[in-house]
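Contents: one structure, followed by commentary.
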Amino acid sequence: MKINDAYNQWAAKYDTNENKTRDLDALATRQSLANIPFSSVLELGCGTGKNTIWLSDQAESVLAVDFSREMLQIARQKIKKNTTTFVEADLLQPWTFIQQPVDLISTNLVLEHIEDLGPIFQKVKPWLAPNGHFFICEFHPFKQYQGSKARFEEEGATITLTAFTHHLSEYLEAAKAAELELLEIKEWFDDGKKEVPRLISFLFRNG
Ligand SMILES: C[S@@+](CC[C@H](N)C(=O)[O-])C[C@H]1O[C@@H](n2cnc3c(N)ncnc32)[C@H](O)[C@@H]1O
C-alpha cells in the first residue's frame with residue numbers, strides 16, 4: 001500500500017490507538033523546543049496535528065504540510081487559528097508552499113518514510129532564517145535495526161507502512177552537506193527504562 005493511502009486509512013484512529021512512539025514524540029518535542037526561540041514555523045508531515053497544536057500556541061505563524069488528506073482533515077478540525085495554515089503537499093516534490101524563511105523547521109516521525117535524507121536537508125537549508133533551528137525526532141536507528149516501523153491495526157490485521165532505516169551517520173552527513181550545525185542529539189526511552197531507545201532527536205542550527 002502507498003504511504004499516503006495508508007495514512008489516509010490510519011487517520012481516524014491515529015490519535016486514539018495505543019501508540020507509545022506518538023506519545024513519546026509529543027513529550028520529546030515539547031521538552032526539546034521549550035527553550036528554543038521561534039515565532040515562525042514550518043512543520044513537515046504534521047499528520048493529525050499532535051505537535052502543530054503546541055507549535056501554534058508558541059509561534060506567531062505555523063505552516064503545516066502533509067500529503068495525507070485525511071490526516072490533515074483531522075488536524076484542521078483540531079486547530080482553527082488563522083495563524084496556522086495547512087497545506088496538502090508531498091515533501092519529495094518542489095516546496096512551492098513556502099514563501100519566506102522561518103525560525104524553526106520541525107519534523108516528527110516522517111523521515112522513516114523518506115528513503116534519502118539528503119534532498120530533505122537541502123530543501124530545509126534555504127528556508128531556515130539565519131540562526132534558525134531544524135528539529136527532527138524519529139525512530140532511533142537501534143529500534144529500526146530491531147524491526148520497528150510505523151504500523152496500525154485495521155479489522156484484526158496489522159498494516160505495516162513502507163519505512164527506510166536511517167543510520168546515525170546518514171543524518172549527520174546530510175546535515176554537514178547542507179551546512180547545518182549540530183547542537184544536540186537526545187535519545188528517548190520508554191517509561192524511564194534505559195534499554196533500547198525508542199526515539200532519537202536532533203537539533204540543528206543554520207549558522
Ligand atoms: C507517523 S505520522 C507523524 C505525524 C506527526 N508528525 C506526528 O508526530 O504525530 C507521519 C506523517 O508523515 C506524512 N508523510 C510521510 N511522507 C510524506 C511525504 N513524502 N510528504 C508529505 N507528508 C508525508 C504522513 O502522511 C503522516 O501524516
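The values are calculated or read from the model by the stated rules, or taken from the named source; none is laboratory data. Note that the structure is predicted; figures quoted are calculated from it, not measured. Virtual Cβ from ideal backbone geometry, glycine too; neighbours counted across all protein chains shown.
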Quiz item: Do we find that Phe67 is within 17 Å of Tyr7 (Cα to Cα), modelled with pLDDT of 95 or more and aromatic (Phe, Trp, Tyr) in this structure?
Solution: yes
Exercise. Consider only pairs whose beta carbons are under 8 Å apart and that are at least six residues apart or on different chains; among these, list those whose first residue lies in region 24-46 and is outside any loop (DSSP other than H, G, I, E, B) and whose second residue is modelled with pLDDT under 95 and within 16 Å of the ligand (Cβ to nearest atom).
Key: none
Exercise. Pull up region 149-202, narrow it to residues that are in a strand (DSSP E or B), within 16 Å of the chain's Cα centre (by Cα) and among the aromatic types (Phe, Trp, Tyr), then point me to the one that is surrounded by the most Cβ atoms within 10 Å (Cβ to Cβ).
Key: Phe202
Quiz item: Ala64 passes all but one of (1) more than 8 Å from the ligand (Cβ to nearest atom); (2) touching a residue at least 12 places away in the same chain (Cβ under 8 Å); (3) surrounded by fewer than 23 Cβ atoms within 10 Å (Cβ to Cβ); which number fails?
Solution: (3)
Practice problem: Can you run down the residue pairs with Cβ atoms below 7 Å, 6 or more apart or on separate chains, where the first is in region 86-113 and under 24 Å from Asn131 (Cβ atoms) and part of a loop (DSSP other than H, G, I, E, B) and the partner is charged (D, E, K, R) and at pLDDT 95 or above? | Solution: Trp95/Lys123
Quiz prompt | region 105-148, subset more than 14 Å from the ligand (Cβ to nearest atom) and among the hydrophobic types (A, V, I, L, M, F, W, C), residue nearest to Leu199 (Cα to Cα) | solution = Phe142
Exercise. Would you mind finding the one in Leu42, Leu91, Leu55 that is buried (at least 19 other Cβ atoms within 10 Å of the Cβ) and more than 11 Å from the ligand (Cβ to nearest atom)?
Key: Leu42
